[in-house]
1. From the set of residues in the range B:100-126 that are β-branched (Val, Ile, Thr) and under 28 Å from the mean Cα position of the chain (by Cα), which is farthest from residue A:129 (Cα to Cα)?
2. If we scan the range B:79-96, do we find a residue that is closer than 30 Å to residue A:139 by Cα, facing chain A (nearest Cβ under 8 Å) and crowded, with 17+ Cβ neighbours inside 10 Å?
3. Taking the conditions exactly as written (within 30 Å of residue A:110 (Cα to Cα) and either in the same structural domain as residue A:132 (by TED's automatic domain parsing) or within 16 Å of DNA strand C (Cβ to nearest atom) (or both)), does residue A:54 satisfy them or not?
4. Do you know which residues across the range B:113-140 are at the interface with another protein chain (Cβ under 7 Å from one of its Cβ atoms) and either out of contact with any strand residue (DSSP E or B) (no Cβ under 8 Å at 6 or more places or on another chain) or among the basic types (Lys, Arg) (or both)?
5. For the structure I just gave you, tell me whether residue B:31 is more than 10 Å from DNA strand C (Cβ to nearest atom) and away from every other protein chain (no Cβ under 14 Å).
6. Would you check if residue B:124 is within 16 Å of ligand 4 (Cβ to nearest atom) and hydrophobic (A, V, I, L, M, F, W, C)?
Number of protein chains: 2
Amino acid sequence: MSLSETWLNQMQSDGSRLTAPRRAVVEILAEADQALDPGEIFERARRQHPAIGLVTVYRTLEKLEALHLIERIHQHEGCHAYLRAAQGHEHVLLCERCGKALRFVGDDLEDLITALEKRTGFLIREHWLQLFGLCPACQA
Amino acid sequence: MSLSETWLNQMQSDGSRLTAPRRAVVEILAEADQALDPGEIFERARRQHPAIGLVTVYRTLEKLEALHLIERIHQHEGCHAYLRAAQGHEHVLLCERCGKALRFVGDDLEDLITALEKRTGFLIREHWLQLFGLCPACQA
DNA sequence: ATCGTTAATGAAAATGAATGTCAATATCAA
DNA sequence: TTGATATTGACATTCATTTTCATTAACGAT
Ligand SMILES: [Mn+2]
Ligand SMILES: [Mn+2]
Ligand SMILES: [Zn+2]
Ligand SMILES: [Zn+2]
């Protein structure tokens, strides 16, 4: 079963109806190797389903995010692009030029966090880590 | 010399004129222990200078950011808050409840980055790291 | 297969943050 | 003091996102 089928099943289990425009958006996001913003998703989705409205893109994003299937990625150029959600404790490495996104594991911040908690008195509950650079194809 | 005086001097050296509304915005940001968005800054600034316009807040933020005196902080609730810029290689620890911001050093990602470069072929040029939690005062 | 409930759709209008325009004003070097 | 010009705030504009709403479509029940 493909990832988009899995997502569609989860949406249906959650009470959502499966519609053509929704399928288009889901497939785009499940397949994407980069974070896409609502405008980009809309552009791509209307190739599959020309009648789709931008509103439906927004609404589908909202649902997918609520199900933790996608998550918002913050970048210099914008903070409204969405990418397949991390599986467990993963972070993301992004190409600054083409946008290609790769997830990785293995950051080791435990010692830093423990030391900071002791020193500052903060209770640290979450962290954001993102790496930026150039993917192999974009290194001229 | 206070931090806001230092900033004002730098702005003047850069060719900016020192005006009352500008002074108000600069003082707020130089003194703040948390990231503030344009609306919050506007609210506070009009106490000092009731005639100030929101546009001037935006324009002052732009100048301060160009001089690398402040930087934008991304959070769940919004991506348009500004905080005094990092001094060298610092990251930020934020209280999720009250917004209190603390800078810290000592993250050690060299090994991770080197390993990822080797494994993925990416050239990694930058990283974002932010820690979130509860400051001492907000841990009820 | 048909029906009926109601979720979902897209057009259109509304919202609201951020930018652009511009005439009046204030800064500051000369 | 003066004059060039940077800055100001009111106002208009842009544009992404949200809201509204009448119509359509999904799908469980029959
Ligand atoms: Mn981590
Ligand atoms: Mn670092
Ligand atoms: Zn952001
Ligand atoms: Zn690339």
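1. B:105
2. no
3. Details: within 30 Å of residue A:110 (Cα to Cα): no; either in the same structural domain as residue A:132 (by TED's automatic domain parsing) or within 16 Å of DNA strand C (Cβ to nearest atom) (or both): yes.
So residue A:54 does not fit the description; no.
4. B:121, B:125, B:136
5. yes
6. Working: within 16 Å of ligand 4 (Cβ to nearest atom): yes; hydrophobic (A, V, I, L, M, F, W, C): yes.
It is true that residue B:124 is within 16 Å of ligand 4 (Cβ to nearest atom) and hydrophobic (A, V, I, L, M, F, W, C).
The values are calculated or read from the model by the stated rules, or taken from the named source; none is laboratory data. Please read these numbers as outputs of a predicted model, since none were measured by experiment. All Cβ positions, glycine included, derive from the backbone under ideal geometry; neighbour counts span all protein chains shown.
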